[in-house]
1. Which of the residues belonging to the range 115-136 are among the basic types (Lys, Arg) and touching a residue at least 12 places away in the same chain (Cβ under 8 Å)?
2. Within the range 290-315, how many residues turn out to be modelled with pLDDT under 85 and surrounded by 13 or more Cβ atoms within 10 Å (Cβ to Cβ)?
3. Here is a list of conditions, (1) without any contact (Cβ under 8 Å) to a residue 40 or more places away in the chain; (2) within 14 Å of LEU56 (Cβ to Cβ); (3) of a type outside the set (Lys, Arg), and ASN189 meets all of them except one; can you say which number that is?
4. Are any of the residues in the range 207-214 of a type in the set (D, E, K, R) and crowded, with 23+ Cβ neighbours inside 10 Å?
5. Being of a type outside the set (S, T, N, Q) and closer than 19 Å to VAL222 by Cα is the filter here, so list the residues in the range 167-191 that pass it.
6. Mind checking whether some residue in the range 214-230 is on the phi < 0 side of the Ramachandran plot and part of a loop (DSSP other than H, G, I, E, B)?
7. Inside the range 204-213, can you point out the residues that are touching a Gly at 6+ places or on another chain (Cβ under 7 Å) and either more than 21 Å from THR175 (Cβ to Cβ) or not in a strand (DSSP E or B) (or both)?
8. Identify, from the list GLY57, GLY53, the residue that is within 21 Å of CYS169 (Cα to Cα), buried (at least 16 other Cβ atoms within 10 Å of the Cβ) and either at pLDDT 55 or above or under 13 Å from the mean Cα position of the chain (by Cα) (or both).
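The values are calculated or read from the model by the stated rules, or taken from the named source; none is laboratory data. Since we're looking at a predicted model, the values are computed, not measured. Cβ placement follows ideal geometry from the backbone for every residue including glycine, while neighbour counts extend to all protein chains displayed.
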Amino acid sequence: MGLTLSLQGLVLLYCVPGSDVHACVQIEASQTSFLPKLDVVFILGLSLNIYEGEVLGLLGPNGAGKSTAIRMITGETTLTAGQVGDGATSHLQDHAPAFLGYCPQDDPLWPDLTVHEHLRVYAAVKGVRKEDTAAVNRIVNALQLQDYLKKKPRKLSAGITRKLCFAMCMLGDPTVLLLDEPSTGMDPNGQKMIRAALKTKETGAILTTHYMEEAEAVCDRVAIVVSGQLRCIGSIQYLKNKFGKGYLLEIKVKDPERADLLHAEILRIFPSAARQERFPSLLVYKVPMEDALPLSQSFSKLEEAKRNFSLEEYSFSLNTLAQASDFKARCALKA
């Protein structure tokens, strides 16, 4: 059976100039792929609202469909069914270059153009007048690209290349930014520049990232996507409270045959602990805050268990957004 692709049922909303609604770009689509020789159906169906001034983070494991969702919005992936609208207009593809700022994973650069020439070309495409040099200068200064303006892509590091791509997508004051892992390859200073630039913009933005600290620093809300479907959406604090509240206990055991006895001991120390993973030499638990107080007593009991069960090592730490999203992804994959 050949590969087939259809799109239906995905909804995204954010703002376009002149719209009289707060949530503005509406995309309806879903993607279904039937893979040859495999009884596999991949379905992408998202319903999201992105508001003016909001940065929405798309998180999920590799292959979850984050980049596919971005490509459907831009039209890079052709929709068999579905629509793009702003509440008043159901199709906005004809206006995409004007209101979208797109930074794809793959750097869309010409090998024979300098950094400055790239910026001038993209500025022209976005409707920036040739004499309006201030628009280009602002983004050049914000990202500290002054020393690279006369260089061509092959002379740039991976981090500077990503800065250039981000700069190009910001030209023309787009209403919506689509950022597919924009800071990959950048040093910490470059990542801070990207975050600062996003924080000063009043546009709606969708950001896919593998940097959880980036999501926490920049995103107003986070959507967790697994196997092409939306599994959870909310503010950073909401996700932490719902899936990441408490502590994560990871134990490496030397004697797997004593794992059941060790499990009973962990439940004695932390009665409400929930086991997340079990491998021959690794046990992972989610421990509620109230079970771990006082912390000094918890560590004392864990040290005692380490001696009694000859544990190789253990770690006991606060859950992070990364752990919360990973946990949600694992639960969805098992469902």
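1. ARG120, LYS126
2. Residues meeting the conditions: 1.
3. Checking ASN189 against (1) without any contact (Cβ under 8 Å) to a residue 40 or more places away in the chain; (2) within 14 Å of LEU56 (Cβ to Cβ); (3) of a type outside the set (Lys, Arg), the one that fails is (2).
4. No - not one qualifying residue is present in the range 207-214.
5. VAL176, LEU177, LEU178, LEU179, ASP180, GLU181, PRO182
6. Yes, the range 214-230 contains at least one residue that is on the phi < 0 side of the Ramachandran plot and part of a loop (DSSP other than H, G, I, E, B).
7. Matches in the range 204-213: THR209 only.
8. None of the other options fit; the residue is GLY57.
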